[in-house]
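Enquirer: One structure, pasted below without further comment.
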């Protein structure tokens, strides 16, 4: 690496190299979680990182850079530095009951109530007039800029540049603009929902998942699925819920999993007794969120297990996998070999069954790859605006 890189970047790279490159060369990560996990290995000093050799490929260097950035994002999300890694949480058979009790009292947490209220507003009032939406947008300069940029983006491709808010809202549609506004306002408060956490990049991941899910829906020629955007946007909300009810424990869980420990969902259940899917489902049900959002939160990792809203859940599953593959936002968990490949995702059989025909995953993967290339600058703009 160049000498100009900060010591944090170098330490962060060393922090994840063991787990990441072991997976890359075919070594399996743990499939289950022991009752007492080994302590986290402290981050080594910068001097422990050997200089890059001339024989390292450009692709490998790009992968290293991407992983350094993702590790830095993890540390920023959980409010840690390389010197303050916490010890893992011990497994406790009674932990599930205590966690569930806290989750049942979610209505007493103002920050989560504000979050739920915002999304409830976003799912309602489809009859809101164009003038009402434009009036709301015009009151917020940052939202004005974001709406105009989206209307003029490469993947919307208008014939002429749009400078008028009314025209921009007409092109994007009331529902899309309202959802965008809700997401932007939510991201502004991303560091105040859970003490010591900044979930901005998780919302970026959610927005990316929503955009990819809608693109996939269009590519498959499916009828528009009401609620798809918000279901995809909120699929990981359980992570925010757990970080709010169990902040120190969840911080340790995220770091332990990222450092090469067991998969995040398995570690959540072992350490807290509840995974983020279940926690998010409880949050959504308590706050009366629509069924498609509840289904996506609960089953986005296993769409074949959904009892309803099968197509929406399957689209969210594929979109989530795609966004993790290309590092869109930060979900707190990496893919490994147990996730399979894009073409073998169980979601495809669900889509074929409920979408009315067979699909061609290989072709769709190529199309989504091109879409992701156009989406990345949009996400970067939103990150900077938040």
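The values are calculated or read from the model by the stated rules, or taken from the named source; none is laboratory data. Computed from a predicted model, the values in this text were never measured in an experiment. Cβ placement follows ideal geometry from the backbone for every residue including glycine, while neighbour counts extend to all protein chains displayed.
Enquirer: May I ask you to list the residues in the range 245-267 that are under 21 Å from residue 296 (Cα atoms) and touching a helix residue (DSSP H, G or I) at 6+ places or on another chain (Cβ under 6 Å)?
Expert: Answer for the range 245-267, where residues must be under 21 Å from residue 296 (Cα atoms) and touching a helix residue (DSSP H, G or I) at 6+ places or on another chain (Cβ under 6 Å): 264, 267.
Enquirer: Can you go through 297, 293, 282 and tell me which one is at pLDDT 90 or above, part of a helix (DSSP H, G or I) and within 22 Å of residue 93 (Cβ to Cβ)?
Expert: 282
Enquirer: Looking for something touching a helix residue (DSSP H, G or I) at 6+ places or on another chain (Cβ under 6 Å), assigned by TED's automatic domain parsing to the domain that holds residue 94 and under 29 Å from residue 246 (Cα atoms) - is there at least one such residue anywhere in the range 335-353?
Expert: Looking for residues that are touching a helix residue (DSSP H, G or I) at 6+ places or on another chain (Cβ under 6 Å), assigned by TED's automatic domain parsing to the domain that holds residue 94 and under 29 Å from residue 246 (Cα atoms), one finds at least one in the range 335-353, hence yes.
Enquirer: Same structure, new question: If I filter the range 312-321 for residues that are within 27 Å of residue 112 (Cα to Cα) and surrounded by fewer than 19 Cβ atoms within 10 Å (Cβ to Cβ), do I get at least one hit?
Expert: No, the range 312-321 contains no residue that is within 27 Å of residue 112 (Cα to Cα) and surrounded by fewer than 19 Cβ atoms within 10 Å (Cβ to Cβ).
Enquirer: So is residue 117 out of contact with any helix residue (DSSP H, G or I) (no Cβ under 7 Å at 6 or more places or on another chain), exposed (fewer than 15 other Cβ atoms within 10 Å of the Cβ), at pLDDT below 80 and not assigned by TED's automatic domain parsing to the domain that holds residue 172 or not?
Expert: Criteria met by residue 117.
Enquirer: Here are 308, 232, 301: which of them is within 30 Å of residue 373 (Cβ to Cβ), surrounded by fewer than 23 Cβ atoms within 10 Å (Cβ to Cβ) and touching a helix residue (DSSP H, G or I) at 6+ places or on another chain (Cβ under 7 Å)?
Expert: Of 308, 232, 301, the one residue that is within 30 Å of residue 373 (Cβ to Cβ), surrounded by fewer than 23 Cβ atoms within 10 Å (Cβ to Cβ) and touching a helix residue (DSSP H, G or I) at 6+ places or on another chain (Cβ under 7 Å) is 301.
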